[in-house]
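A.B. asks: Below you'll find the structure I mean.
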Amino acid sequence: MNPASPGMGFHRLDKARDKNFWSVRVSEDIRLIVHKTEGSLLLCYVDHHDKAYDWAERRKLETHPKTGAAQLVEIRETVKEILVPVYVHAEMPAPPKPRLFASTSDEELLGCGVPAEWLNDVRQATEDSLLLLADRLPGEAAEALLELATGGKPRVVQPVTPVTNPFDHPDAQRRFRVMANVEELQRALDFPWEKWAVFLHPEQRQWVGARLQRTSPGLRLRRHRQDHRGASPGRASGPHPPRGTGVAHDFF
């Protein structure tokens, strides 16, 4: 209600690449990570002191240059090379598996929501490494790549309009909940914990549901339970959907 209160215990994270990340002292050991600007306060993550700081130092908040959606992006330089152990029983090494997106243009990958600094890693991805790589990417990018890899066609991203709020983008609304007033926040906090889920924009529901109906011999999309809410971000209603009808979220 009052982020400017001197009792909040804000501490700027000097080692974070994104200089708008701050920590808030919750207890002797627990820290809340927030992204604070003059006009907004984004509650991002909570954990024990070292883990919370490590989370913030490895991420940045940015607007995707192609889709216009707000994304929390893991910084490429902080991630160790993604390696897949291969056990070879014969002396002859197994032939390398084909790269799934070697011929996919940067424009198409950006249109899938892939952060620019991850383009090269995506282009090197094979059947063995794709799922590991997908865990590092924003949800819409991971889903689009899995769609491409299994022979599908990702949804077409609408052109970005300069006046659009990046948090209003349908992809951003999957991981961010905007609270306009204290009453909306109170309703969210009072809602049963097991039903907490990120808002899924109505135009995405049919696409996500269709995506989960397909599988591939080499690729399996991990299925997660997703609780859909009403079309209004301030409302939280509706029964649990069947298991496997949505995609796991990363952040609130």
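Readers should treat all values here as calculations from the given coordinates under stated rules, not as data from a laboratory. Since this is a predicted model, take the numbers as computed values, not measurements. Note: ideal-geometry Cβ built from the backbone for every residue, glycine included; neighbour counts use all protein chains shown.
A.B. asks: What FRET efficiency would be calculated for the residue pair Leu132, Met8, taking the C-beta separation as r and a Förster radius of 35 Å, to the nearest 0.05?
C.D. replies: 0.40
A.B. asks: Continuing with the same structure: Could you tell me the convex hull volume per residue, in Å³, taken over the Cα atoms of region 102-192? Show your work: numbers first, answer last.
C.D. replies: On the way: hull volume 12.4 nm³, N = 91.
Each residue corresponds to 137 Å³ of Cα convex hull volume.
A.B. asks: Quick one: go through region 56-71 and flag any residue whose amide nitrogen is under 13 Å from the point 7 Å out along the Cα-to-Cβ line of Asn165.
C.D. replies: Counting backbone N atoms under 13 Å from the label point, the list is 70.
A.B. asks: Once the mean 1/r over all distinct Cα pairs of region 19-61 is inverted, what Kirkwood radius in angstroms do you read off? All intermediate terms of the calculation are to be shown ahead of the outcome.
C.D. replies: Numbers: mean 1/r = 0.0970 Å⁻¹.
The Cα-based Kirkwood calculation yields 10.3 Å.
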